[in-house]
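First comes the structure, then the notes that go with it.
The values are calculated or read from the model by the stated rules, or taken from the named source; none is laboratory data. Predicted, not measured: the structure shown is a model, and the values here were computed from it. Here the Cβ positions follow ideal geometry from the backbone for every residue, glycine too, while neighbour counts run over all protein chains shown.
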Amino acid sequence: MKILYIGVHSHTGWGAEYWLAKAFKDLQIDLETIDYRSIRKNEGTDSLKRKIQEKSHKCQLIFLQRGEYLSPTIFEGCNIPIIFWSTEPLQLKTDVDQLLNSDIFSWVFLHSYSCVERAKSEFNHIIKKSNVIHNAAPKDIFKFGTEKVKSAIFNRNLSWRRRLWLWPSGNMIDKISGHYGEDYFTDLREANIAVNIHYSHQNLDDFESGIFEAMASGCAVISERLNRQTLVDLGMEDAILQVDSPFELKEKIRLLNKDEKLLKSFQTKSQQVIQKNTWHDRARQIKEKFKEFYN
């Protein structure tokens, strides 16, 4: 099987495309890649369209990821199935609407169940050929042996909503910003607890990659309430301590800080469930869908 994988391939060592491409290769999927952002910026849309057409003739299937502000016309002349993974919350962004309004895809993977709800109302023609696929963690970052020297951390972007949620906990949570790469993972590996709060009231069912990364670093995870079906899909119903208010968040941090046995139980659950939620697991799911359209 040879696919044309169109995405953002400039993020060497990080990013979903980097890890997914590695997993595809491990599963004996032959890849041609195109970084649509780079080509569009440096060479223009016409060059991007030409390169997609040229490379598609060597492949049996196109796998498009992200795709913001791409026009369906860019795939004219491509006579092979196209599978699209829309990786952003559709209730927050409209930059792939023109793609979803088209009828060029054989299958569409959506980011979350709220994306499915929007698709039902605005892109109903894709519902019978779509499903949700979740993010994951790369096996390469799993590391559970680091000494825990921090209590609880929050190391995501601080929106105003997140600031309000974290305020009652005061200095019980280390709020970290601007750390990326190995510094980011060092912070997680040194923390007993990682806190997850939704960025916006418009994406309350989002399951951010940071949760996977925290689990891959051996953290217990306390999160604002998550979508139940997503937790079932991921096998994480009992692995994450969920809260419904900023004050309940404060109480749960206190509880885990006082009860070492309970803390260790959630850290152990994190280590167990993340083993089944790697990019290799997602690559196998996606490969099964490829096989339905592979000629």
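What to note about this one:
- Segment 226-251, residues that are more than 16 Å from residue 270 (Cα to Cα) and either surrounded by 15 or more Cβ atoms within 10 Å (Cβ to Cβ) or without any contact (Cβ under 8 Å) to a residue 40 or more places away in the chain (or both): 227, 228, 243, 244, 245, 246, 248, 249, 250, 251
- Some residue of segment 214-225 being outside the structural domain of residue 92 (by TED's automatic domain parsing) and without any contact (Cβ under 8 Å) to a residue 24 or more places away in the chain: yes
- With respect to the stated conditions, residue 50 fails to be touching a Leu at 6+ places or on another chain (Cβ under 8 Å), surrounded by 14 or more Cβ atoms within 10 Å (Cβ to Cβ) and either assigned to a helix (DSSP H, G or I) or not assigned by TED's automatic domain parsing to the domain that holds residue 284 (or both).
- Restricting attention to segment 217-246, the residues that are polar (S, T, N, Q) and part of a loop (DSSP other than H, G, I, E, B) total 3.
- Meets criteria (of a type in the set (A, V, I, L, M, F, W, C), under 20 Å from the mean Cα position of the chain (by Cα) and either modelled with pLDDT of 95 or more or not in a strand (DSSP E or B) (or both)) for residue 214: yes
- In segment 41-60, of all residues being in contact with a helix residue (DSSP H, G or I) (Cβ under 9 Å, 6 or more places away or on another chain) and without any contact (Cβ under 8 Å) to a residue 12 or more places away in the chain, the one that is farthest from residue 6 (Cα to Cα) corresponds to 43.
- Selection within segment 1-21 - of a type outside the set (A, V, I, L, M) and either under 16 Å from the mean Cα position of the chain (by Cα) or within 24 Å of residue 183 (Cβ to Cβ) (or both): 7, 9, 10, 11, 12, 13, 14, 15, 17, 18, 19
- Among the residues of segment 8-28, at least one is in contact with a Gly (Cβ under 9 Å, 6 or more places away or on another chain), without any contact (Cβ under 8 Å) to a residue 24 or more places away in the chain and part of a loop (DSSP other than H, G, I, E, B).
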